[in-house]
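What follows is a short report on a single structure.
Every read-out reported here was derived from the displayed coordinates using simple, explicitly stated rules and does not represent laboratory data. Quick caveat, the model's predicted, so the values are computed rather than measured. When we count neighbours, we look across all protein chains shown, and the Cβ atoms used for this are built from the backbone with ideal geometry, even at glycine.
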Amino acid sequence: MKCVKCSYESEENQKINEEFLCEICRHFSPDDKSSFEKYINEKVDQKALESFRKYFMPGEKQKKAMIKRAIKGNLMSRAPFGYKIENKKLIPAENCREIEEIFEEFIRENISLNQLAGKHNLSVNGLKKILKNFTYIGKIKFNNQIYEGSHTPIISSTLFNHVQNKIERLGIK
């Protein structure tokens, strides 16, 4: 398939507004239809884009910046249940004791995920996310790597590891 903007041929070209565009031309294409039509009519020499094509890696710059943040122990998303963000720092919230209760109940009581989730007004998936979240032991997980967080842990690593072992033993996904 040939890019209508620069004539670059590739199987990876994708259809946007009924026209095929290469990755470079697609990256810069406007969203609204009238601007898009003007954009594709302004042809570009394919050779002029070769340098971009060689080094273009969408999202790489963002990902590198996020990895740097994770290495520094900074959270990548919103504050998880039991934490709040204050002055750009993750700190335990007023309800942080509930996190410890959830972990302890899961270990000590013979209770189903459904019952435990209901008891704490959570969905089962929400409960599973809490039980597997490294943030609660002062760590940051990003890009399948674990980093030391710059925040205060809510539970001990020992309690967290016991919960992970039980999750694995029960075959919980």
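Here are ALA65, ALA48: which of them is under 30 Å from LEU90 (Cβ atoms) and exposed (fewer than 14 other Cβ atoms within 10 Å of the Cβ)?
On inspection, the qualifying residue turns out to be ALA65.
Of everything in segment 64-82, what is more than 13 Å from LYS139 (Cα to Cα) and touching a residue at least 60 places away in the same chain (Cβ under 8 Å)? Give them in sequence order.
Once the filter is applied, which keeps residues that are more than 13 Å from LYS139 (Cα to Cα) and touching a residue at least 60 places away in the same chain (Cβ under 8 Å), segment 64-82 yields MET66, ILE67, GLY82.
Please specify each residue of segment 130-139 satisfying the condition of being among the charged types (D, E, K, R) and within 13 Å of PHE106 (Cβ to Cβ).
LYS132
Scan segment 98-120 and tell me whether some residue there is under 23 Å from the mean Cα position of the chain (by Cα), over 28 Å from LYS63 (Cβ atoms) and hydroxyl-bearing (Ser, Thr, Tyr).
no
Does ILE24 meet the test of being outside any loop (DSSP other than H, G, I, E, B), surrounded by 13 or more Cβ atoms within 10 Å (Cβ to Cβ), of a type outside the set (D, E, K, R) and touching a strand residue (DSSP E or B) at 6+ places or on another chain (Cβ under 9 Å)?
Judged against the criteria, ILE24 is not a match.
Do we have LEU131 as in contact (Cβ under 8 Å) with a residue 24 or more places away in the chain and under 20 Å from HIS162 (Cβ atoms) here?
yes
Yes or no, residue by residue, for (1) surrounded by fewer than 15 Cβ atoms within 10 Å (Cβ to Cβ); (2) part of a helix (DSSP H, G or I):
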residue: PHE103; (1), (2): no, yes
residue: ASN114; (1), (2): yes, yes
residue: ALA117; (1), (2): no, yes
residue: GLY126; (1), (2): yes, yes
residue: ILE140; (1), (2): no, no
residue: ILE155; (1), (2): no, no
residue: ILE167; (1), (2): no, yes
